[in-house]
Each structure stands twice: as C-alpha cells, then as structure tokens.
Amino acid sequence: MGEDDKTEFKNKIVIAIDGFSSTGKSTIAKLLAKQLNYIYVDTGAMYRAVTYFALDHSLIGEDFFHSQQLIEKLDNVNITFKFNEELGFAEVYLNGQNIEKAIRTLEVSRYVSLVSTISEVRQKLVEQQQIMGKNKGIVMDGRDIGTVVFPDAELKVFMTASAETRAKRRYKELLERGHSLSYNEVLENVTTRDRIDSTREDSPLLKAKDAIEIDNSDLTIESQVETLLKLAKTIA
Ligand code: DC
C-alpha cells in the first residue's frame, strides 16, 4: 500500500490489541497505525524498559528480585518514545537513552513478566499510557489495554496462536537479529511468560468481553490488517 492509500475516518478511535507473547501484535498494530495515520504505542516496550532499568541497577537476577528497591526508584525511571523516520515507528528511550534494541534480548524477556507483576510499576505505566491515548487516534498493544488501560476502547482485539507457532516466529526473529539461542529456550520463555502474565493478581492477561478474538496461526499479516481496517471502518 502506498502513502496515498492512507485510510482517513471521520472519528478518531482507540484500538486496543491484547494477546499472548509473540502473537505478532506489534507488527499488526504498527501497520494499522500507519494506515490510519494513528499513533502506535508498544506498551510491552515500557515494561521491558523498567526491566532493563532493574537489571542495570542489579535489582533483579537469577535468584533475587529487590522489588521494594525498584518501587522506591521508580521516580527515576523516565520512559519516552521518539519517532524514527527511517524505521517508521517510535523507539523507546529510558532517561534519554535509546534502548529499543537493548530491551529485545532474551535476558530482558526472562525477567519482564516478573517485573510486570508489581502493582506500582503497572500504575505508573498505565497512567502514562492513558495520557498518551486521551486524544484517541491511537493503536496500543499489550496485555491489559482493553481491560484496564482503555476499557472503553472502540475496537478491542485479542490475538492468539499456538505456543509452538509463536515460539517459531520469535526464534526466527531473534536469530535474524544475531542472537544465539536454541528454539527450546524461546519456547520455554514464551510459555513461562504466558503463565505469569495470565495468572498475576494485578491486571492479568484476559480477553475483554467485547474483544474480537483472532487466532492468527494460519493468517497472513496482510489479511489481518485488512480485517481490522474493515472493522475499524464500521466503528469510526
Ligand atoms: O509485548 P511484549 O512481549 O514485549 O511484553 C513484554 C512483557 O511485558 C509481557 O510478557 C508482560 C508485560 N506486559 C504487561 O504486563 N502489560 C502490558 N500492557 C504489556 C506488556
């Protein structure tokens, strides 16, 4: 689709995309936002940024998590996004430092679900997310967008795919980025994160009652974007 094919709707809406790890939420959300001329926000990147901060300050590791110290330091965690024209999306910054690449490692993935169980962390990030979406015209992806961040979002999507399909996608992506790891490590990370994200007490990953569920195991990216654009058109 060319630049001129952008879809303009009369009313700006909020599109909430939730789902399990590595379901391709961000790929779809980015394309959808581009097509609609909307802002795209990757909330997973925000939880990853806090995890990066915790690792950097030795607050979390193999057998320890100083969660109280992390809570006390949260005022020193300043997360911002800056649009990168070349990449076509906003990269995440922690206290002014571009950490877009640094947060995509398996190490950050290993600890992010644990950090995301902390209510004080969630409260801080949810507040920031709600401010970013207050003027609508936004596509936001995460785990609690349709349930907690924007319970009144006009369009809610819940993405699923089998754990194996998701691990294969993620494994390929990480190899392409030059990481060396095994498929089993990735599968283990995906299933562990699913379990922690779905069972935590504060804002667990849940399908909102009014969300449309899409199992994209056998769907192309193009067909998913097309379906969601059509849905958005019926609402906006
Ligand atoms: O989307 P992602 O895989 O980059 O997200 C990383 C982790 O962040 C995910 O395993 C759980 C957490 N997360 C969350 O708890 N709530 C969100 N809205 C987004 C992500």
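Report whether or not D18 is of a type in the set (D, E, K, R) and within 13 Å of the ligand (Cβ to nearest atom).
On the way: of a type in the set (D, E, K, R): yes; within 13 Å of the ligand (Cβ to nearest atom): yes.
The answer is yes for D18.
How about region 8-111: which helices (runs of 4 or more DSSP H) wholly inside it have at least 2 residues that are closer than 29 Å to E213 by Cα?
25-36, 43-56
Identify the residue in region 85-98 that is modelled with pLDDT of 95 or more and either surrounded by fewer than 16 Cβ atoms within 10 Å (Cβ to Cβ) or within 13 Å of the ligand (Cβ to nearest atom) (or both) and, among all such residues, is nearest to K34 (Cα to Cα).
Filtering first and then ranking leaves V92.
If I filter region 1-15 down to residues being surrounded by fewer than 23 Cβ atoms within 10 Å (Cβ to Cβ) and of a type in the set (V, I, T), which single residue comes out as nearest to the ligand (Cβ to nearest atom)?
V14
Quick one: how many residues across region 37-55 are touching a Ser or Thr at 6+ places or on another chain (Cβ under 6 Å) and farther than 24 Å from S217 by Cβ?
Qualifying residue count, region 37-55: 1.
When you go through K172, K156, K168 one by one, which is the residue that is buried (at least 20 other Cβ atoms within 10 Å of the Cβ) and either under 16 Å from the mean Cα position of the chain (by Cα) or under 15 Å from S21 (Cα atoms) (or both)?
K156
With the requirement that a residue be more than 14 Å from the ligand (Cβ to nearest atom), free of Cβ contacts under 8 Å to residues at least 12 places away in the same chain and closer than 19 Å to R110 by Cα, what does region 180-217 give you?
Once the filter is applied, which keeps residues that are more than 14 Å from the ligand (Cβ to nearest atom), free of Cβ contacts under 8 Å to residues at least 12 places away in the same chain and closer than 19 Å to R110 by Cα, region 180-217 yields S180, S182, N184.
So how many residues does region 21-63 have that are in contact (Cβ under 8 Å) with a residue 60 or more places away in the chain and away from the ligand (no atom under 14 Å from the Cβ)?
Counting residues in region 21-63 that are in contact (Cβ under 8 Å) with a residue 60 or more places away in the chain and away from the ligand (no atom under 14 Å from the Cβ) gives 8.
If you go through region 119-149, how many residues are within 10 Å of the ligand (Cβ to nearest atom) and assigned to a loop (DSSP other than H, G, I, E, B)?
Matching residues across region 119-149 total 2.
If you go through region 75-92 one residue at a time, how many are over 20 Å from the mean Cα position of the chain (by Cα) and closer than 19 Å to E120 by Cα?
Residues flagged as over 20 Å from the mean Cα position of the chain (by Cα) and closer than 19 Å to E120 by Cα within region 75-92 amount to 2.
The values are calculated or read from the model by the stated rules, or taken from the named source; none is laboratory data. Every value quoted in this text rests on a predicted model; they were computed, and no experiment measured them. When we count neighbours, we look across all protein chains shown, and the Cβ atoms used for this are built from the backbone with ideal geometry, even at glycine.
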